[in-house]
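Asker: Shown below is the structure under consideration.
The values are calculated or read from the model by the stated rules, or taken from the named source; none is laboratory data. None of the values given here were measured: they were computed from a predicted structure. Note that each Cβ is placed from the backbone with ideal geometry, even for glycine, and that neighbours are counted across all protein chains shown. We work out accessible area using only protein heavy atoms, side chains counted, and drop any ligands, DNA or RNA first. Shrake-Rupley method; radii C 1.70, N 1.55, O 1.52, S 1.80 Å.
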Amino acid sequence: MKKLVVIGAGMATGRALEHLFETAPDAYEVTLFNAEPRGNYNRIMLSPVLSGEKTYEEIVTHDDAWYAKHGVICRFGEKIASVDRDRKVVIAENGDELSYDKLLFGTGSNPFIIPLPGHDLDGVIAYRDLEDTYAMMDAAGEPGAKAIVIGGGLLGLEAAAGLRMRGMDVTVIHLMGHLMDRQLDEAAGYLLRKALTERGIEIRCSTNSKEILGTDGKVKALLLEDGTELPCDLLVMAVGIRPNAALAKDAGLAVGRAIHVDDQMVTSDPDVLAVGECVEHNGAIFGLVAPLYDQAKVVAKTLLGEDATFVQKEVSTKLKVTGCDLFSAGDFADGEGREDIVFRDPARGVYKRLVLQDNKVIGAVMYGDTADGNWFFGLIKDGTDIAEMRETLIFGPAFQGGAPADPMAAVAALPDNAEICGCNGVCKGDIVAAIKDGATDLGAVRAVTKASGSCGTCTGLVEQVLSATLGDDFVLPAAQPMCGCTDLTHEDVRRLIKSQELKSMPAVWQELGWKTTCGCHVCRPALNFYLLADWPLEYQDDPQSRFINERKHANIQKDGTFSVVPRMWGGMTTPNELRAIADAAEKYNVPTVHVTGGQRIDLLGVKGEDLPAIWADLNKAGLVSGHAYSKGLRTVKTCVGSDHCRFGTQDSTGLGIKLEKKLWGSWTPHKVKLAVSGCPRNCAEATCKDIGVVCVDSGYQIGVGGAAGMDVKETERLADVATEEDAIALATAFMQLYRENAKYLDRPYKWIAKVGLDWIKEQIVTDLENRQALIDRFEISQTVYQKDPWAEHAEERADTYRPLADLTLQAAE
Amino acid sequence: MTNWLDIGPLDAIAPRGARVVRTEHGCVAIFRTAEDEVFALEDRCPHKAGPLSDGIVHGKSVTCPLHNWVISLETGLAQGADKGATPTVAARVENGRVLLDAEYLKARSAA
């Protein structure tokens, strides 16, 4: 087998290898060097990782399994020191020599660092790889931290938006007069600036930097040309990239601004190829992904001795900042013989501009509404004569020929050669062909055609093509939105509430684009829980977003009356409490008194307006709300343990009471029931509870994730501990972990099935520091929420339980 | 011309909340939206007579606490796939006071 050595595991070489293995899996034995200590990931998606919308794992393109499957010898974290083309060997940093039949350069580019004084201070970074991204995420973790981003281009703005979403104070310094000056005209640049300013990002255009100031080797401020000093803890330089051609130059290859390649991607040495950001082709260098993927196709063919030619094409640009929709393609500078068609809708923040020359579209800039971007881009690439449709051109494809303005119709109307996925150069015809060959969902289409596999902005379009082609057979993927008010899933919303620090319901509705004015009965209770769980001190609980049971602290019955269940700590009670319950039952004509499965007494059939009074009576006997109605801690069932039982090994009742006293009052994604059994005979049925403790001679067995409702499930063992203190600490940490991470209305067993018990063990059994941090956060929340709602309502809100007016009394008068 | 009966202050009803007026023949529910509009309906879901005043108010609808039927506050009609209607009562706000249709309430009390 011939030997191929690849230098650099980036997106371009990764794509070239994919094509190579698809066509001829056994043609080459491949050795892959990468300076970064990892394989190929989707570098375009670093911005969503920075903002918290995605994780690194989600943007990995090739994992270990993929490399293993294709027999790639991976040498990650290793650089090549030199290349000896005469002997056809590469020499690794550690001195290893590897011979090659073909060598592929994919050395990419380096971020350009402006050589300002102070550019080597700690805290001055570029934005290029995962390390940079993690460094920024770390810096954003410091409360009140300030960041400066030099460079108002695509990358700089994505960095700024990501840092801002992580809560940093961000200022962007841009040399030119408007943002993204290479892709946008002034008007679109203005709208973008306005949108970013509204998010709290400070923008300074036409601004020149002079010096980076520091103390103790760490960045402290940026000094501008005009003498202004801007304090910062992090300075990100995002002013551009330079092709990384040093190794190729040392190896004696022809290098200009980058490594010279011909139309077949071959360098000045016929056995050495190059691909990606490190190449120069006909005087051009490349930074966007679409042409790199075209190059990768050509590389694979050339390696296999097939004919292929790389042709430079027009490229288009989209900014990946959630909520900022912009699109630009072609040439839009003013010039002789050029005409503009401009559409503005200031109220909606929409701006569209087409630049025409000789009845052809040569440039397009769109802001706020970019749905027709690909269609205009198609007109530019094809040089379509638009004289016939000039009057309605700006309104997009749906308005040509009187077709209705329906996105489905627009997609259906696209010709087969219309480009859908710009990153991967996939047109509608490719997707339709893939669908006809059996790819009937997004994942399958992505696997076959790669459409929507890179930056992902065309995902919706691909789904529309699926829908237009398959008709009713196409069902949108299983990621269920929270409700009709949003397309986001519960998981998305929870993550965004944390990462964007959304601390009120209006902030969620606004920032996450809710489609209704104030949510609905499905999303509001969930949002109320997520907000109070994540921001216990900042968020104000909203009773109007709670189901009636939690608003009136009683359980509504089918006739509109309520049930009242006082707490009996660990199932223990006294004659005095029982007498108070009996008196209350008689006084308020309670029709039904029932003993519950959770070891307490339920008074059923209480009228809503009597609730404050019955509560006040029960409070007098020391009884508080049992939260029998809440998504929160319900009961801690116990047996009598070593106090009385001849088999009891520990004080199960005492532990049950301690647990209940610690955990009561806390709100959780769904109800939580506990039990403590004094011996393995398990009289308290602890092994079917959300948290169940079984006492044994040597200590306590803690189980979690049991259920005895719609599903019946035995608990799984979280840990065995020796002391009561440890048992309480583990149960508390588990509660908080569940509160912070689970989807609303997922009982613990459902949540555990999603995240895995091993993950939970890592979080709270082995990582003691994290266990304590969770307990600390639980206790902060309890300072706000551990209070008896009955006493509070009986005292302060009794009025609201009564009719606003009683006309029966007036009639009697 | 509608005769209006002053029921009480608007402030007594929480935004996105409700209170009831008791009459001889069941309660009338008064709803206040986030935009401070006021609507009144019989406090009885067309499905199983659930107390709509205990529901969650969203937009110009209320969700019944018993089985999540969504009822329009403007028309009293069940939304979505559910079919049914709850009678509406004319209501308005004037100088921070909630006013209901006096004739309707009188008819209920006398009937």
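Asker: Output ³J(HN,Hα) for the stretch A:647-652: one whole-Hz value per residue in order, computed from phi by the Karplus curve 6.51 cos²θ - 1.76 cosθ + 1.60 with θ = phi - 60°, and x for Gly and Pro.
Answerer: 9, x, 9, 9, 7, 5
Asker: Just to be sure I understand: of the beta bridges DSSP finds with both ends in the protein assembly as shown, what percent are antiparallel, rounded to 5?
Answerer: Once the DSSP bridges in the protein assembly as shown are tallied, antiparallel ones form about 70 percent.
Asker: Measure off, as a whole percent, the carbon and sulfur share of the 1.4 Å-probe accessible area of the stretch A:124-239, all protein chains present. Can you show the working numbers first?
Answerer: On the way: 2240 of 4770 Å².
Answer for the stretch A:124-239 is 47 percent, counting heavy atoms of protein chains only.
Asker: Show A:W66, A:W514 ordered by accessible area, largest first, where the area counts protein heavy atoms only and the probe is 1.4 Å.
Answerer: Sorted descending by solvent-accessible area, the residues read A:W66, A:W514.
Asker: Out of the stretch A:190-247, which GluC sites (Glu not before Pro) are coil in DSSP terms and have no more than 16 other C-beta atoms within 10 Å?
Answerer: Those satisfying the criteria are A:E225.
Asker: 222 nm [θ] for chain A, helices only, -39500 (n - 2.57) per DSSP H run of 4+, per residue, to 500?
Answerer: So the calculated ellipticity at 222 nm is -9500 deg cm²/dmol.
Asker: How long is the gain from A:M572 to A:F343 if the chain were fully straight, where each residue apart is worth 0.36 nm and the alpha carbon distance is subtracted?
Answerer: Working it through step by step, the gained length comes to 75.1 nm.
Asker: Based on alpha-carbon centroids, what's the gap between the stretch A:624-652 and the stretch A:344-393 in Å, whole number please?
Answerer: Cα centres, the stretch A:624-652 to the stretch A:344-393: 70 Å.
Asker: I would also like to ask the following. How large is the Rg to Rh ratio of the protein assembly as shown when both quantities use alpha carbon positions and Rh follows Kirkwood?
Answerer: 1.04
Asker: Another question, then. Using the Karplus curve 6.51 cos²θ - 1.76 cosθ + 1.60 with θ = phi - 60°, what ³J(HN,Hα) values do you get for each residue of the stretch B:48-62, in whole Hz, with x for Gly and Pro?
Answerer: Going residue by residue, I get 10, 6, x, x, 4, 5, 9, x, 8, 8, 9, x, 10, 9, 10 Hz, with x marking Gly and Pro.
Asker: Among the residues of the stretch B:1-32, which ones have their accessible area go down by 50 Å² or more when all the protein chains sit together, as opposed to their chain alone (1.4 Å probe)?
Answerer: Relative to the lone chain, where solvent access is computed with a 1.4 Å probe, the stretch B:1-32 loses at least 50 Å² at B:R16, B:R19, B:R22.
Asker: As an exercise, use a Förster radius of 41 Å and the Cβ-Cβ distance of A:M176 and A:T489 to find the FRET efficiency, rounded to the nearest 0.05.
Answerer: 0.55
Asker: Please enumerate, by chain and number, the lysines with C-alpha under 29 Å from the C-alpha of A:K313, excluding those fewer than 8 residues away in the same chain.
Answerer: Within the straight-line cut-off, A:K313 pairs with A:K102, A:K249, A:K297, A:K301, A:K352, A:K360, A:K381, A:K428, A:K436, A:K450.
Asker: To the nearest 0.05, what FRET efficiency results for A:E725 and A:A582 with a Förster distance of 45 Å applied to their C-beta separation? Numbers along the way, then the final one.
Answerer: On the way: r = 38 Å, r/R0 = 0.84.
It comes to 0.75.
Asker: Next up: Would you rank A:K220, A:K515 by solvent-accessible area, highest first, keeping every protein chain in place and using a 1.4 Å probe?
Answerer: These residues rank, largest area first, as A:K515, A:K220.
Asker: Here is a follow-up. List the trypsin sites (Lys or Arg not before Pro) in the stretch A:1-57 that DSSP assigns to loop (not H, G, I, E or B) and whose Cβ has at most 13 other Cβ atoms within 10 Å. Which are they?
Answerer: Those that pass, being in a loop and sparsely packed, number zero.
Asker: Which of the aspartates and glutamates could a cross-linker bridge to A:K587, judged by Cα under 13 Å and excluding same-chain residues fewer than eight apart?
Answerer: A:D610, A:D617
Asker: Can you give the accessible area buried between chains A and B, summed over both chains, with a 1.4 Å probe, in Å² to the nearest 100?
Answerer: Buried surface at the A/B interface: approximately 2500 Å².
Asker: Next up: What order do A:C74, A:C518 take when sorted by accessible area (1.4 Å probe), most exposed first?
Answerer: A:C74, A:C518
Asker: Can you tell me which aspartates and glutamates have their Cα less than 15 Å from the Cα of A:K689? Leave out same-chain residues fewer than eight positions away.
Answerer: Excluding near neighbours in sequence, the set is A:E660, A:D711, A:E714, A:E716, A:D746.
Asker: Solvent-accessible area of A:Y539, probe 1.4 Å, all protein chains present, reported in Å² to the nearest ten, please.
Answerer: Using a 1.4 Å probe on the heavy atoms, I get roughly 20 Å².
Asker: Hey, got the average number of other protein chain Cβ atoms within 10 angstrom for residues in B:53-61?
Answerer: Shielding by partners across B:53-61 averages 6.
Asker: If you don't mind, there's one more thing I want to ask. HN-Hα J couplings of the stretch A:20-36 from phi, Karplus 6.51/-1.76/1.60, θ = phi - 60°, integer Hz, Gly and Pro as x?
Answerer: Per-residue couplings from phi come out as 4, 5, 5, 7, 9, x, 10, 6, 9, 8, 9, 10, 10, 9, 8, 5, 6 Hz.
Asker: Hey, got the average number of other protein chain Cβ atoms within 10 angstrom for residues in B:34-46?
Answerer: Mean shielding by partner chains, rounded to a whole number: 1.
Asker: While we're on this one: Considering only protein heavy atoms and a probe of 1.4 Å, how much of the accessible area of the stretch B:14-88 is carbon and sulfur, as a whole percent?
Answerer: Exposed carbon and sulfur together represent 47 percent of the surface.
Asker: Another question, if that's okay. A:V255's amide H: which non-local residues (gap 5+, or another chain) put their own amide H closer than 5 Å, with H modeled 1.01 Å from N in plane and none for Pro or chain starts?
Answerer: Here A:H260 satisfy the definition.
Asker: Here is a follow-up. Peptides A:152-161, A:438-447, A:260-269: what's the order by average Cβ count within 10 Å, highest mean first?
Answerer: A:152-161, A:260-269, A:438-447
Asker: Number of Lys pairs in the stretch A:694-813 with C-alpha atoms less than 20 angstrom apart, excluding same-chain neighbours closer than eight positions? Intermediate results must be reported in sequence, preceding the final value.
Answerer: Working: A:K713/A:K743; A:K713/A:K750; A:K713/A:K754; A:K713/A:K761; A:K743/A:K754; A:K743/A:K761; A:K750/A:K761.
Going through the stretch A:694-813 pair by pair, I get 7.
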